[in-house]
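The next block holds one structure in the form of C-alpha cells; read it before the comments.
All of the numbers you see were taken from the coordinates with simple rules; none came from a lab. Note that the coordinates shown come from a computational prediction; the quantities given were computed from them, not determined experimentally. As a convention, Cβ positions derive from the backbone with ideal geometry for all residues, glycine included, and neighbour counts pool all protein chains shown.
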C-alpha cells in the first residue's frame, strides 16, 4: 500500500510536533525530493538547501517558531524551511516576479524573523533577539544557522566575542559542509576539519559536560571520551569554548536521531551561548549535485533524472568571462598584476587567471574588508592589485575603500561585477549604489562599460592607471554581441564618445544601458525626431567638454544609468549648475533606478518596474521636449 506523503499533512512547523522520530526522518526525505522538484522548474540555490534538509526538519521539530527565532545566515539554504512554514504551494514561483524570494524576508512570513542574503549577519541578529528576550519582549529562543564559509567573516567573530562575553542563552548551529560557493579557504577551515577528523568514529566528539546526561547511552559514552581526543588539550577546550560558548560536536547533520537528541538536550539545559557543530554534505541526496564541483550551488532549470541544466542561448560572451580572459592575458605580460576575490573566484572570473597563475590570485574568503585593505597594501608596495568583488558585496568594505585606499591615493583597481539589476536574486544582490558611493571620494576614477568591448578597454585602462584608485563596473550576464577585441587600448581618462549624431535631443548614457538608449533613439526616429547618443564612459572625472557640447546643441539632455539616485546623473547636474549650463540651457532629465528597492524578477521585468525601458527613455525625452508621449505616463 502506498503511504500518504507526510509532507501533505504539514501546514506549518506545529504539525511536526506530533510526528515520531522515524516519521521525521521520512519527512526529511520527502522535503528533499520536493526541493529538487521545485528547483528543477525554477532554478535557484539547490546544493545548500539539500545539505540542511534533516537539520531544518529537526530544528522545527524541537523549537517553536515563529515564537523562537530561527535565523538562516545568507538564506540561500532556506528552501526546506520555506516548504515547512506554509509556503510550499507558492514555491512554484520561487525567485520569479511576485513569487517567494530565494532568501529569507521579514515581509514574507512570520517564520522569517530576519532578512538575509549577505553572509555572516545571523549571530549578530540572534544576539539582538536574545537581548530583547531578556528585556521582556515576547520572543523565545534565538537560533542562528551559519555555514563554515560565512563564519570566517570578521562580523561573525565580532558577534561571537560579544555573545561569549554576555553569556546570554543563544544557539549557534555551525553548518559545516566544507564548501561554500567555492571550496573554503583559510585557517578556520583547517581548524574545523581537524575537529571533524581528530577522533574518527565518535558520533559526538565534544559534547559538553552537563548535556551528556540527557543523551542516549551510546552517544553519552562517546561524549565522555571525546574532548581530549578532539583537541589534544588536557582540559579539552576548543576555540569556541575560549570565546565563552558551550561547544557540542561535531555531529552528523544528516542523522535525524543524532540531531534530535542533540537539539533536545541543548534546548533543555542551555543557560548561556551554545555552538552545535553539524557536519553536512552540500547537495546531499541528489547524485548530480553531490558529484558536481560546485555541488549545484546555483543552478538554472534542470532535468531531474539527469541533472542536465538548461543552457541559455547567446552569441555573446558573458561580461564576467570577458573580464577574466582579458585580465589573464594582461597578467601574462605584466607580472605585477594580481587578482583578489572574496570567496567568489568563478563568480568574478578570477578562476580563469588562477588556473594560469595560481600564485597571483588570492581568495580571502568572505572577508571583503580584508580584501580591500590587503589590496591597498599591495598597491603601496608597487604591485597592481585587481580587487574583483560584486557591487553589492563591495559595500561591506566601504570604510576600507575610504580610509585605506582613497585617503592614501593608492592605485587599487576595483572590478565591480553584477552592477545594476541582477534578476532573480533580487534587491539584496542588485548593484545599485557603487557609483554614488565611489564617485564622491576624492581622487577616485569611476568607469562603466557600455558593452563587452568597452570592458576590455577599461581593464587595459585600469592596468595603465597609477595615479590613484580606479573602478569599472559591468553587469551580470552576456554582452550585447559587439565585435570583440584581442587587446584593449587604455582610454583617455575622463573622455566619453559620441555613438550616434542627432539634432533634437541628446542622451548621455553611462554604462550598460547604452543598447536600451539606442533603442529609445530608434523609437524617437519613428516620430521624426533625431537623437544624439553619447557614451559617457566616466562618472568621475566627467567629460565636461562633451556635456557642454550636448547641452548647447540640443533642446533636451537626458542622462541614463543603471544605478541609484545620487550617482552619475547627480554628478552631471552638479557640474552643469556650477558651470552655468542650467541657466539658459536645455531641459534636463536624469533617469536612474527609483528611490526604492526592486524585488526579484527577470532583469527585463525589473528594469520595466524601474521605468528604464527603451520606451520609458523615449517618453522621458518627449516630455522634456513638450511632445505627447508614446505611452500613458506612469501613475
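Just check segment 319-473 against the gyration tensor rule for me: Cα atoms, a ≥ b ≥ c as the square roots of the eigenvalues, rounded for a/c under 1.5, and otherwise prolate or oblate depending on whether a/b exceeds b/c.
rounded
Can you figure out the FRET efficiency of residue 503 with residue 316, using R₀ = 22 Å and their beta-carbon distance, to the nearest 0.05?
Taking R0 as 22 Å, the efficiency between residue 503 and residue 316 is 0.10.
For the modelled label position 7 Å from the Cα of residue 596 along Cα-to-Cβ, which residues of segment 108-141 have backbone nitrogen atoms closer than 18 Å?
Label zone hits: 108.
Using just the helices of the chain, give the 222 nm mean residue ellipticity in deg cm²/dmol: DSSP H runs with n ≥ 4 each add -39,500 (n - 2.57), and the total is spread over all residues, rounded to 500.
-10500 deg cm²/dmol
Full-extension gain between residue 301 and residue 574, please, as 0.36 nm times their residue separation minus the C-alpha to C-alpha distance. Mind dumping the intermediate values first?
Details: separation 273, 0.36 × 273 = 98.28 nm, distance 4.59 nm.
Taking 0.36 nm per residue and subtracting the Cα distance, the gain is 93.7 nm.
What's the extension gain from residue 332 to residue 96 if we count 0.36 nm per residue and subtract their Cα-Cα distance?
Working: separation 236, 0.36 × 236 = 84.96 nm, distance 4.18 nm.
Here the segment from residue 332 to residue 96 would lengthen by 80.8 nm.
Report the label-to-label distance for residue 525 and residue 381 in nanometres (one decimal), using points 7 Å from each Cα along the Cα→Cβ vector.
5.4
Using 7 Å Cα-to-Cβ label points, what is the residue 308/residue 15 separation (nm, one decimal)?
That separation, rounded to one decimal, is 3.6 nm.
State the Cα centre-to-centre distance between segment 461-487 and segment 144-166 in whole Å.
36
To test your reading of the geometry: what angle, between 0 and 90 degrees and rounded to tens, separates the Cα axis of helix 256-269 from the longest principal axis of the chain?
Approximately 80 degrees, to the nearest ten.
Using a 10 Å cut-off on Cβ atoms, rank the peptides 92-98, 473-479, 330-336 from the highest mean neighbour count down.
Numbers: 92-98: 15.9, 473-479: 24.1, 330-336: 13.9.
So the order, starting with the most tightly packed, is 473-479, 92-98, 330-336.
Which order, highest average first, do 291-297, 569-575, 421-427, 274-280 follow once you tally other Cβ atoms within 10 Å for each residue and take the mean per peptide?
Ranking, from highest mean packing down: 274-280, 421-427, 569-575, 291-297.
Once fully extended, how much extra length lies between residue 440 and residue 268, figured as 0.36 nm per residue of separation less the alpha-carbon to alpha-carbon distance?
On the way: separation 172, 0.36 × 172 = 61.92 nm, distance 5.31 nm.
Taking residue 440 through residue 268 to full extension adds about 56.6 nm, to one decimal.
Got the relative contact order for the chain handy, in percent, Cα pairs under 8 Å and 6 or more residues apart?
It rounds to 11 percent for the chain.
Nearest 10 degrees is fine. How inclined is helix 187-197 to the longest principal axis of the chain, computing both from alpha carbons?
The answer is roughly 30 degrees.
With a cut-off of 8 Å between alpha carbons and a minimum separation of six or more residues, what is the relative contact order of segment 492-635 in percent?
Relative contact order comes out at 25 percent.
Sort 546-555, 452-461 for me by packing, meaning the mean count of neighbouring Cβ atoms within 10 Å per residue, highest on top.
The most tightly packed comes first, giving 452-461, 546-555.
Simple spin-label model, 7 Å along Cα-to-Cβ: residue 106 to residue 162 in nm?
Calculated label separation equals 1.6 nm.
Quick one: if the Förster radius is 56 Å, what FRET efficiency do residue 29 and residue 489 give, using the C-beta to C-beta distance and rounding to 0.05?
For R0 = 56 Å, the calculated efficiency reads 0.45.
I need the calculated FRET efficiency for the pair residue 464 and residue 356, taking r as the beta carbon distance and R₀ as 25 Å, to the nearest 0.05.
Working from the Cβ atoms, E equals 0.70.
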